[in-house]
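Trainee: Below: one structure in structure tokens.
The values are calculated or read from the model by the stated rules, or taken from the named source; none is laboratory data. All of these numbers come straight from a predicted model, not from anything done at the bench. Here the Cβ positions follow ideal geometry from the backbone for every residue, glycine too, while neighbour counts run over all protein chains shown.
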Amino acid sequence: MNLKELSRLLGLSQTTVSRALNGYPEVAEATRKRVEQAAQDHGYRPNARARGLATGRAMAVAQVIPADWLGMLANPILAEAVAGATEAFAAAGYETTLAPVTDAAAATAYGDMAARGAVDGALVHMPAVLDPHIAALEETRLPFVVHGQPLTVDAAYPWVGLNGVEAARQATRLLLRGGHSRIGLINGPTGLALSAQRAQGYRSVVKRRGLDMAPDLIRHCALSEMAGHDAAAALLDSATPPTALLTATLPQALGAARAVAERSGQVALATHDDVFDMMGGTEAPPRFAGTRAPIRETARRAAEMLLERIAAPDTPAQGERAAMQVVTDPVVPAPGV
């Protein structure tokens, strides 16, 4: 169905229908709701370019991908996040541009986007501790939201994310309850906010218990199954191997589990599960103890927050924490427990 047909069906002018769908304030609320319902019922979607001309917007957003991080472009965690955000943008009639921008090019890239009016806003995935993308976006007038909790929740920019420190604390405590006193941490790349939070949570619990915090118990690697396998193999083959492993992400845990199986060992595993749709989503039972939160839902909420800021750019910056489930089973007990 096109605009002309929808207008005829409603008995309204094409101008009125177009203005109703584009949120013009002079259209009565009852008329707007009637038009929106008819458009939904009959599968009408306004042309993004035409809508952009009507609203003065590009009707496009950039999803920022940190291109400097090894393997990030092919990472299933990022893929799930991009999918969730894209769903929210598409539902609002926005097109998505994937922007794999390097740290060095950040200032130029976002300044150019803003100057050309190429996009109406940007969503930053997988932020770093000191993120040049965020710093560059703050210098533009481009609305943006960060998908990922910063190290300090009172950050001056809007964000939606998981409490990574608490996720690591909960998972480490579960392993300690299983009697484990030597716990290895397979973390993400150094520099990622995610990695810093996991390390902070892990260290806070281990230190409080007065347990071994030897540097050789912590490995940093890509957020992938293969990297998790190799890091776990190195820890398990060391002179004093850990009896339990905590990984930053589910792909790493899957790799670590493979390394454990190859050695016919009894090693406890805990992780944070981002709940991938390709692995059954929320309907699938948890594979490991630890914490769980669907990253697709978190990314969708971050996208919705960006759309809200595009509509009202002067909205005060705020942060939102994602809900998190603690999974207590299964935990392999320590030897002799």
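Trainee: Just to be sure I understand, how many residues within region 100-124 are crowded, with 16+ Cβ neighbours inside 10 Å and hydroxyl-bearing (S, T, Y)?
Mentor: So the answer is 1.
Trainee: Determine whether region 25-42 contains at least one residue that is assigned by the TED database to the domain that holds L130, part of a loop (DSSP other than H, G, I, E, B), modelled with pLDDT of 70 or more and touching an Asp or Glu at 6+ places or on another chain (Cβ under 9 Å).
Mentor: Applying the first criterion (assigned by the TED database to the domain that holds L130) to region 25-42 yields none.
Within region 25-42, not a single residue is assigned by the TED database to the domain that holds L130, part of a loop (DSSP other than H, G, I, E, B), modelled with pLDDT of 70 or more and touching an Asp or Glu at 6+ places or on another chain (Cβ under 9 Å).
Trainee: Can you tell me which residues in region 214-256 are of a type in the set (S, T, Y), out of contact with any Ser or Thr (no Cβ under 6 Å at 6 or more places or on another chain) and either under 14 Å from P189 (Cα atoms) or in contact (Cβ under 8 Å) with a residue 60 or more places away in the chain (or both)?
Mentor: First pass over region 214-256, keeping only residues of a type in the set (S, T, Y): 224, 238, 240, 243, 247, 249.
From what is left, the residues that are out of contact with any Ser or Thr (no Cβ under 6 Å at 6 or more places or on another chain) are 224, 238, 240, 243, 249.
Within region 214-256, S224, T243, T249 qualify.
Trainee: Restricting attention to region 197-211, which residues are within 30 Å of A67 (Cα to Cα) and surrounded by fewer than 19 Cβ atoms within 10 Å (Cβ to Cβ)? Walk me through how you get there before you give the answer.
Mentor: Of region 197-211, the ones within 30 Å of A67 (Cα to Cα) are 197-203.
Hits for region 197-211 are Q200, R203.
Trainee: Which of (1) surrounded by 15 or more Cβ atoms within 10 Å (Cβ to Cβ); (2) touching a strand residue (DSSP E or B) at 6+ places or on another chain (Cβ under 9 Å) is the odd one out, the single condition V129 does not satisfy?
Mentor: Going through (1) surrounded by 15 or more Cβ atoms within 10 Å (Cβ to Cβ); (2) touching a strand residue (DSSP E or B) at 6+ places or on another chain (Cβ under 9 Å) one by one, V129 breaks only (1).
Trainee: Could you check M72 against (1) modelled with pLDDT of 85 or more; (2) within 25 Å of D131 (Cβ to Cβ); (3) not aromatic (F, W, Y) and say which number it fails?
Mentor: (1)
Trainee: Going through A85, A58 one at a time, which residue ends up being modelled with pLDDT of 85 or more and either over 16 Å from V145 (Cβ atoms) or in a helix (DSSP H, G or I) (or both)? Working first, answer last.
Mentor: Details: A58 fails: modelled with pLDDT of 85 or more.
Only one candidate passes the filter, namely A85.
Trainee: Somewhere in region 161-176, is a residue touching a Pro at 6+ places or on another chain (Cβ under 9 Å) and modelled with pLDDT of 90 or more?
Mentor: The initial filter retains those residues of region 161-176 that are touching a Pro at 6+ places or on another chain (Cβ under 9 Å), namely 161.
Now drop any that are not modelled with pLDDT of 90 or more, which leaves 161.
Checked region 161-176: at least one residue is touching a Pro at 6+ places or on another chain (Cβ under 9 Å) and modelled with pLDDT of 90 or more.
Trainee: For region 274-304, give me each residue that is at pLDDT below 85, outside any helix (DSSP H, G or I) and closer than 22 Å to L194 by Cα. If you could, list the steps in order and put the result at the bottom.
Mentor: To start, the set of residues in region 274-304 that are at pLDDT below 85 comprises 274-287.
Retained after the next criterion (residues that are outside any helix (DSSP H, G or I)): 274-276, 280, 284-287.
Of everything in region 274-304, those that are at pLDDT below 85, outside any helix (DSSP H, G or I) and closer than 22 Å to L194 by Cα turn out to be D274, V275, F276, P286, R287.
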